[in-house]
Structure formats: C-alpha cells, structure tokens
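Working notes, beginning with the structure itself.
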Amino acid sequence: MTDTTLAPGSPAPGNVALITGGTGGFGRALAGLLRERDVTVVLADLDSDRARQTAADLGAHFAVLDVTDRAANAAVVAQVEAEHGRLDAAFLNAGIAGQSRHALDVDEFLKVIDVDLFGVVYGAEAALPALRRAGGGSIVVTASLAGLSPMATDPGYSVAKSGAVAFVRSMAPKLVAENITISAICPGFADTAIIDPLREEFEAAGFPVLSAREVAEAMVAAWAGAEPGAAYVVQPGIGAVPYRFRGVPAAKTASGDTAAVPAALRPPSMR
Ligand SMILES: NC(=O)c1ccc[n+]([C@@H]2O[C@H](COP(=O)([O-])OP(=O)(O)OC[C@H]3O[C@@H](n4cnc5c(N)ncnc54)[C@H](O)[C@@H]3O)[C@@H](O)[C@H]2O)c1
C-alpha cells in the first residue's frame, strides 16, 4: 500500500465531541477547529479556573475529569449524553511527560502510565457504549512519535505511548463491525506547554517543532477519515502519514506452510 497523507475530514455540524486534556495546547487548537465546524465540544480536564475560562473562551463546555479515575470517565460521558443527547467522537488526548531525564524514577514511570495509557483505556471503555448508541463514531487517541520510536530520556512516556498505539491496533478490528473507528495520532515535538522544559534546547538546535494547529488538523482528519487502527505520524513538513508496521515472521507448520492463527483469536471480520 502506498503512504497517503491523511485527508481533511468533515465532521457534521451538530455532532458532539469530547476532548480529554481538552484545555491544553492540542485540545484548545482542536476545539477551535471543531467549533468553526459547528461541532458541540466538551473539554474534559483537571479542574481550575483557567481551564473553565479556556473552555468558555472557545465556546466549549467544560467537564471536570481526572482521566486516571475510571468511574469519572464514565460519569463524564454520561454527562455529555445527558446534556447534548449523543457522543460522536472521543479525543483521548490528556497526557503528561516524565521529568527525570537520566534516572529511572519508578514512581514517575507509574504516574505517566496511569495518565497516558490507563487514561486512554478508561476513556475508550467509557466512550464506546455512547458511540454505539449514536450508531457509530470515532475514537482518536493522542499517542506520540515516542510510541513508535522510544525516547531514551523518558521510558515511562515511551512505554505508555507504545501501549496506547498497541491498544488502538488491538481494539480496531473488533470495532469496525460497529461502525466505530479508533486510530492514533503520533506527533513529533509540538509547541505546547508539555515541551516547556525543552523549548530552549529546540531553539538553540534550530530543531523544527509542530504548531498545535497542525496536530489539531490531523486530529480532525482522523475523526472522519482514519483507517481503523492506523497510527498517523505528524511531523513538520510532512503532514499526517500512516505509519507502516512491519509484520513479524509467521509460524510454520511441520510441512513448512504458514500457520493460520486459530479463528477464535481473530476478530469476526478477519475469520
Ligand atoms: N506537544 C508535544 O510535543 C506532544 C507530542 C506528541 C504527543 N503529545 C501528546 O499530546 C497530548 C496533549 O498534550 P499537549 O501537547 O496539548 O500538552 P499540554 O500540557 O498543553 O496539555 C495536556 C493536557 O492534559 C491535561 N491533563 C494532564 N493530566 C491529566 C489528567 N490526569 N486528567 C485529565 N487531564 C489531564 C492537562 O491539564 C493539559 O490540559 C498529550 O497526550 C501529549 O503526551 C504532545
């Protein structure tokens, strides 16, 4: 298959989207693009006056959510359905990075995985019944380039984002029959608060970083046009391009033929 740049998507006016970590850099840029398309947007984030004001300034709704709280994810989706009637897209975007660049800090490692990986799993668990009730929809996970190419300075982030990509790839086949597409966005470094500790080093090295808007455009496109299970690399100058995973060597039978995985281990669509 040839690599193609992800085409702009077109969510319909009146659709309802939930964005976790929604008042951060990517969330704000995404909310702006969706509001331009008359999408009802709910920004879910840790509570603060700043977060509430950010949502209000964008013409979006605000919901308090710590994504590491499994029950709270379900409660926020229930709130979205109760207030707006439906859910069409869940952008599972909340995330943090580790700060201990040169030592393994296991407490920090676990915290990053809690937010960046379990936050995604809980978010998907919460959103799926609502997407089914809407007749289908999309889950777009903000993973990272670190999920495809681990960062030596942040093992927790690398494991969490690799796990998020694997989760998306594992879930996608069984959701296709329900008209639900799950995909991942894997941006390189982008100009948001999360890179504040590294910003001067990027500038000194003349290293190009993405704008939040470039990433948000890929997220919008993924909503309407993603391949199920795809992981889109977003890098300066290339747009959003599906990463092509290499297969692994298949098992051989005693006669040397390629062994078929038992049907029970394949989703119905691949039997
Ligand atoms: N900026 C980059 O260079 C870059 C690159 C690749 C991937 N990402 C990913 O993009 C996503 C968005 O990050 P961003 O760049 O907008 O950074 P950001 O720091 O501006 O936004 C992150 C948001 O997540 C929220 N958040 C953190 N912990 C949370 C929790 N427990 N529950 C709910 N919300 C929580 C924060 O309050 C914040 O609003 C993250 O998953 C991040 O890992 C960022």
(request) Could you tell me whether the stretch 16-270 comes out rounded, prolate or oblate from its Cα gyration tensor? Rule is a ≥ b ≥ c as square roots of the eigenvalues, rounded for a/c under 1.5, then prolate if a/b exceeds b/c, otherwise oblate. (result) oblate
(message) I want the antiparallel fraction of DSSP beta bridges within the chain, as a percent rounded to 5.
(response) 15
(request) Provide the gained length on full extension for the span residue 50 to residue 36, in nm with one decimal, where the gain is 0.36 nm per separating residue minus the Cα-Cα distance. (result) 2.8 nm
(request) Name the residues whose placed amide hydrogens come within less than 5 Å of the amide hydrogen of residue 240, ignoring near sequence neighbours (fewer than 5 apart) on the same chain. (result) 6
(message) Spelling out what I want: for every residue of the stretch 118-124, take phi, set θ = phi - 60°, compute 6.51 cos²θ - 1.76 cosθ + 1.60 (Karplus), and round to whole Hz; glycine and proline get x.
(response) 5, x, 6, 4, 5, x, 5
(message) Output wanted: per-residue J couplings in Hz (rounded whole) for the stretch 35-45, from phi through Karplus 6.51 cos²θ - 1.76 cosθ + 1.60, θ = phi - 60°, x for Gly and Pro.
(response) 5, 4, 9, 6, 7, 6, 10, 10, 9, 10, 7
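Using a 1.4 angstrom probe, figure out how much accessible area the chain has per residue, in square angstrom, rounded to the nearest whole.
48
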(message) If you roll a 1.4 angstrom probe over the protein chains with everything in place, what fraction of the accessible area of the stretch 16-270 belongs to carbon and sulfur, to the nearest %?
(response) 55
(request) Give the long-range amide H neighbours of residue 190: residues separated by 5 or more places, or on another chain, with amide H under 5 Å away, using H modelled in the peptide plane at 1.01 Å from N. (result) 210
(request) Sort 116, 105 from largest to smallest accessible area, using a 1.4 Å probe on the heavy atoms of the protein chains. (result) 105, 116
(request) Run the numbers on the chain and let me know its relative contact order in percent, using alpha-carbon pairs under 8 Å that are six or more apart. (result) 21
(request) Based on the mean of other Cβ atoms within 10 Å per residue, sort peptides 253-264, 170-181, 190-201, 133-144 so the most packed one is first. (result) 133-144, 170-181, 190-201, 253-264
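If the only charges are +1 at each Lys and Arg Cβ and -1 at each Asp and Glu Cβ, what is the size of the charge dipole of the chain around the Cα centre, to the nearest 20 debye?
Roughly 1060 debye for the chain.
The values are calculated or read from the model by the stated rules, or taken from the named source; none is laboratory data. The shown structure was predicted, so the numbers you read here are calculated from the model rather than taken from an experiment. Quick reminder, even Gly has a Cβ in these numbers, built from the backbone with ideal geometry, and neighbours come from all protein chains shown. In case anyone asks, the SASA skips ligands and DNA or RNA and just uses the protein heavy atoms, side chains included. Shrake-Rupley method; radii C 1.70, N 1.55, O 1.52, S 1.80 Å.
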